[in-house]
Amino acid sequence: MTKALIVYGTRYGATESTSKEIADVFRQEGLDVKVVNLKNEKVKDISDYELVVVGSGIKIKKWTKEPEKFLKKFQKELKNKKTAMFICCGAKYPLDEKADVKTEIEYARTHHLEEKAAKYNLSPIAYGLFGGVYNFNKMGWFFRKTLSAVKPQLEAAGVPETEPGLYDTRDLNVIRSWAKDVAQKINN
């Protein structure tokens, strides 16, 4: 059975639940999966895994620090493994109302995925760019104030407020499809 490791860093929970969704699909596709929140658990060895998936939330155009440290620590080993990378971010709903969504998505893909992989000399078999979660309940005062302009945009775009102050911009079907594609690349 192919062994897969999914490691992630999250701020508001989107990357965590995305990682779990990916793991569920991997298991359905016959992979043996371990999921690690790098903030709570350190990974000492990746030699047992044929596939390593690294995910991060994006805030202020930056990865969370734990997956970045993981990439740096294991960059030599990862070069010889099948890898995949994904991010959860708000590129589809930029802060600047005048921003071009297509440009924002391309920036996120290029800067947060392709350039990050190149920085660590990786050639991932897949990149995933998924929506994020705006959780106004967990944000500090400054971010709540700054992102308050996004709320009307989210509501106008039909993004549901899944609970008071929480807007989830992810499409679970897109995440599941991506995960199935990655699993099939490994199994074939």
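The values are calculated or read from the model by the stated rules, or taken from the named source; none is laboratory data. All figures in this text were calculated on a predicted structure; none of them were measured in a lab. Note: ideal-geometry Cβ built from the backbone for every residue, glycine included; neighbour counts use all protein chains shown.
For the stretch 158-186, which residues satisfy the criterion of being part of a loop (DSSP other than H, G, I, E, B) and among the polar types (S, T, N, Q)?
Of everything in the stretch 158-186, just one residue is part of a loop (DSSP other than H, G, I, E, B) and among the polar types (S, T, N, Q), namely T169.
Just to be sure I understand, how many residues within the stretch 166-187 are under 19 Å from A91 (Cα atoms) and out of contact with any Leu (no Cβ under 8 Å at 6 or more places or on another chain)?
Result for the stretch 166-187: 9.
When the residues of the stretch 103-162 are narrowed to those that are touching a helix residue (DSSP H, G or I) at 6+ places or on another chain (Cβ under 8 Å) and of a type in the set (F, W, Y), which ends up farthest from A183 (Cα to Cα)?
So the residue we want is F136.
Can you tell me which condition T103 does not meet? The list is (1) among the polar types (S, T, N, Q); (2) under 28 Å from A84 (Cβ atoms); (3) not in a helix (DSSP H, G or I), and all the others hold.
(3)
Can you find even one residue in the stretch 55-77 that is among the hydrophobic types (A, V, I, L, M, F, W, C) and under 17 Å from V182 (Cβ atoms)?
no
Restricting to the stretch 68-96, what's the tally of residues that are closer than 24 Å to T169 by Cα, part of a loop (DSSP other than H, G, I, E, B) and at pLDDT 95 or above?
Going through the stretch 68-96 one residue at a time, the tally reaches 0.
Hey, among the residues in the stretch 142-178 that are at pLDDT 80 or above and among the hydroxyl-bearing types (S, T, Y), which one's surrounded by the fewest Cβ atoms within 10 Å (Cβ to Cβ)?
Filtering first and then ranking leaves T162.
Check L78 against each of (1) touching a Phe, Trp or Tyr at 6+ places or on another chain (Cβ under 8 Å); (2) buried (at least 18 other Cβ atoms within 10 Å of the Cβ); (3) within 22 Å of S17 (Cα to Cα) and name the one condition it does not meet.
It fails just one condition, (3).
Mind checking which residues of the stretch 35-67 are without any contact (Cβ under 8 Å) to a residue 24 or more places away in the chain and not in a loop (DSSP other than H, G, I, E, B)?
K62 - this is the single residue of the stretch 35-67 that is without any contact (Cβ under 8 Å) to a residue 24 or more places away in the chain and not in a loop (DSSP other than H, G, I, E, B).
Do you know which of the residues in the stretch 1-34 that are of a type in the set (V, I, T) and part of a loop (DSSP other than H, G, I, E, B) is surrounded by the most Cβ atoms within 10 Å (Cβ to Cβ)?
T10
How about the stretch 128-141: which of its residues are surrounded by fewer than 17 Cβ atoms within 10 Å (Cβ to Cβ) and under 18 Å from S56 (Cβ atoms)? Even if it seems obvious, please write down each step before you answer.
Going through the stretch 128-141, the residues surrounded by fewer than 17 Cβ atoms within 10 Å (Cβ to Cβ) turn out to be 137-138, 140-141.
The one that is surrounded by fewer than 17 Cβ atoms within 10 Å (Cβ to Cβ) and under 18 Å from S56 (Cβ atoms): K138.
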